[in-house]
Amino acid sequence: MVVAAKILQFFTRVPSHSCTTLYRTCIYSHIAYHALIIMKYRSRTELASNILEAANGGATKTKIMYRAFLSYAQLKEYLTMLTQNGLMAHDVEGEMYRTTSNGIKFLESSRQLGALFTPVSSENRLT
């Protein structure tokens, strides 16, 4: 009962807009948590595809890192590899990374390959 009273006091002192912020934070963290569970074990190809998708149209290191759910160490390793292989271009002046035409071809190929691994319902199977 004492804990409930303290919680009630806390919420009565908090400005009204912070409840919305708290709610949004809770929702966003919930979504991120489930996205990370789904992506718990990703292959190198999946990681590269996620980075290329995040950088499509141009993005900074920070945006790529958050969109692809990567650590900074992983990001550095993959950006170097993707840039050396011509799948990404790095604009030094603006610190922007962009997916090249070869990178887009790689993305399309990886999507097609991923589509082959999706489960097919028993009605659509050929026996």
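FYI, it's all coordinate maths here, none of it is from the lab. Keep in mind that what you see is a predicted model, and the values were worked out from it rather than measured. Cβ atoms come from the backbone with ideal geometry, glycine included; neighbour counts cover every protein chain shown.
The simple spin-label model puts a point 7 Å past each Cα toward its Cβ; for residue 95 and residue 71 those points are separated by 2.2 nm.
Working out 0.36 nm times the residue gap between residue 102 and residue 56, then minus their Cα-Cα distance, what length gain in nm do you get to one decimal?
Numbers: separation 46, 0.36 × 46 = 16.56 nm, distance 1.18 nm.
Working it through step by step, the gained length comes to 15.4 nm.
Partners of residue 76 within straight-line reach, counting aspartates and glutamates whose Cα lies under 20 Å from its Cα and excluding those fewer than 8 residues away in the same chain: 46, 53, 91, 93, 95. Between the amide H of residue 58 and those of 99, distances stay under 5 Å, these residues lying 5 or more places away or on another chain, with hydrogens modeled in the peptide plane.
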